[in-house]
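This report refers to the structure that appears directly beneath it.
The values are calculated or read from the model by the stated rules, or taken from the named source; none is laboratory data. Values in this document were obtained by computation on a predicted structure and should not be read as measured data. Glycine also receives a Cβ, built like all others from the backbone with ideal geometry; neighbour counts cover every protein chain displayed. Remember, those area values only see protein heavy atoms, side chains included, never the ligands or the DNA or RNA. Shrake-Rupley method; radii C 1.70, N 1.55, O 1.52, S 1.80 Å.
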Amino acid sequence: ASQEMKILVTGASGLLGRSMMRICAEAGHEVTGTARSRVKDGLKQMDLGSPQEVAALLEEIHPDVVFHAAAERRPEVCDRDPGFATQVNAGGTEAVCTAARAVGAWVVAISTDYVFDGSNPPYAPDAKTNPLQEYGVSKLAAEQAALRVTDGDVGILRVPVLYGPVESIDESAVTALARLVFPQTGIQKEVDAWSIRYPTHVDDISWACVRLAECRAKDKTLKGIWHWSAQEKLTKHGIAELIAKILSVKSDHLLPNTEAPAGVPRPRDCHLDRRGLEALFATHGVSVPRETPLGEGLDGALARLKRVSKPRVPAGGRAASGSAGGGGHGHSHGGQPCHGHGQPAAPAHGHSHGGKPCHGHGEPQQAKQASAHGHSHDGKPCHGHGAAAGAGAGGGGHGGGDGGHGHSHGGGGEGDGGHGHSHGGKPCHGHGDPQGVSPLERKALQHIAANDPVAAEKVLLEVLKEKEAAGEGNETSLAQTLNMLLMVYKATENFAEMAATSEKLVGLNHAMYGDEHPRFAAALNGLAFALCPLERFEEAEAMFKRALKLQEKAGGPDNAEIAPILHNMALMYRNTERFAEAEPCYTRAREIWTKSGNMAHKALSYKDSMTMYEAMGDFDKAEGDRSVALELLTTAGYPAQHPWIQELIAARDHLKEAKAKASAGSKDKGQ
């Protein structure tokens, strides 16, 4: 048995860091982890940007070995801000190595295959480096800093793209490819089949680091640069096809693109030669880390997505009648009012995380209950409205940038609620129907209300598993749980999982009603909005248009269900700067809301287009829409102290100042 070591892991809240913490403990070593922002589960806070803080913490812990995994690993962030990337990756590495040397600790610094240009694989540790991207440049600078401040007495381990048990699908560039697999819209997508990758499980890297540290414990002269990598090679297209196979879905909409990707240059094949490290392990008599087969590793990494990607769709049947108690709950995390309104036996929940009002309203109909949930994470109003309707299972409404409208329908006393979520500062509305909520689901809602989405997800996945095992007759009940999962994934910004869950709601509606029913259209609306945060606008637009046609066919051109779809389309067009297409969507939605007497939604639409016109530089139109929104809210009886009223009043001076600045800028250019 190897001698117990005291190991410090930086970046311990990240994908690799979490694995290192677990593997070090399994190997019988004492392990302490640090994190900068996600400080939880006993981790210690440490800011790599403060050398004094780093030195103090290492002096306190006095580790034998430091596994330095903390880094800015996102290539797009590094390319956008190279100075920041260098500060975090090179500056942080220098601070850790300097502090480690002061306390006699040896450092294993994690680096990347992106220090090579990918033109002449496989790469030995002493091969010529030539990074093509700022990420690789910053990591090469980190290697050089580590070698400089330790006089070469350091271990540098270069690794390829990593994956493992992710907290969100986007945490790994490998699992993020599930975004291409879901939803199954039938719209063809070209996927990179030019770049060759070697996806490696984080546990394999963690074991390599542990074995390397154990070798160092036997030989204090050990130092150098090593490589560790899986040997399976796939393109992104190949990985996406494998993910589709694991999730038992089609992949024929994914088209291989064998041309070099446009934009920032990417290395084609950075295959790392690991034979040097294998020989080192053999020399020192330590076991070589097992290479996790990619299929096996992805199956585990995607376990959560698998549970929501293919729940059984019962053949026929309806849920048994049930009821739910009422109550109103309001939660504020930003210092502004947050209201939960429950009308007779209608639970309503409002949550604000950005300092602005967030309202949940339950509107009973047919003497049944309605659950409604509104969540705001960016400082603007977000509304959830519950209204009873017929049987069915619908999809929620999601605002992934500026809010949105979604309708959800359930019946028979059990089904799904309606959820509106805003992360971009504009109203978001969700409409839900009367449902029976199980004790576990109530517990999940309590976790959500307490801003603990991780605990809520754990409970809801347990409920989902039970409902899947129950068999036929629980479509609406299953949809209810999926809708609650949508709330969780939205709160944690797991947009890929949110889209996958929304797709399942579309599947439930399709199974019960077919692809012409308005309930199917409402679910399509929710799925389309879920795609917007993933920037899958082409697919979203196709779904919005299909949902619009279905609702028009079912209820005519003035159908009230059309307005939310139009508003969501307007937001999508606005966020993609297709302003000319956004304007008619706003106009038609307002006409429908005028006929239905929904002045509040009409006012909020004017508030939203006010922002659009300001972005366009048309301050006169922005002021016009501001005035109309203010008049509508006042006429509707909103008090003068209401935050929306206050916001619109404040916007007047803001627009005047913006117009004056724009005018002054135009004059300066003309001189």
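Whole-Hz Karplus values for segment 200-208 come out as 10, 6, 4, 5, 5, 5, 4, 5, 4 Hz, taken residue by residue from phi with 6.51 cos²θ - 1.76 cosθ + 1.60 and θ = phi - 60°; glycine and proline positions read x.
Packing, as the average of other Cβ atoms within 10 Å across residues, places the peptides 573-579, 5-11 in the order 5-11, 573-579, highest first. Average accessible surface for segment 169-283: 42 Å² per residue, computed with a 1.4 Å probe over protein heavy atoms with every protein chain in place. Modelled spin-label separation between E4 and I649, with each label point placed 7 Å from Cα along the Cα-to-Cβ direction: 6.6 nm. Highest mean packing comes first when the peptides 65-71, 198-204, 453-459, 639-645 are listed by Cβ atoms within 10 Å, giving 65-71, 198-204, 453-459, 639-645.
Distance between the 7 Å Cα→Cβ label points at V39 and A560: 5.0 nm. The simple Förster model, with R0 at 56 Å and r as the Cβ-Cβ distance, assigns T635 and D452 a FRET efficiency of 0.90.
Here the accessible area of segment 520-649 is 52 percent carbon and sulfur, with a 1.4 angstrom probe and all protein chains present. Modelled spin labels at A127 and E53, positioned 7 Å past Cα toward Cβ, are 3.7 nm from each other.
For L272, the amide hydrogen comes within under 5 Å of the amide hydrogens of Y123, counting only partners 5 or more places away or on other chains and with H modelled in the peptide plane. Length gained on full extension, T258 to D515, computed as 0.36 nm times the residue gap minus the Cα-Cα distance: 89.0 nm.
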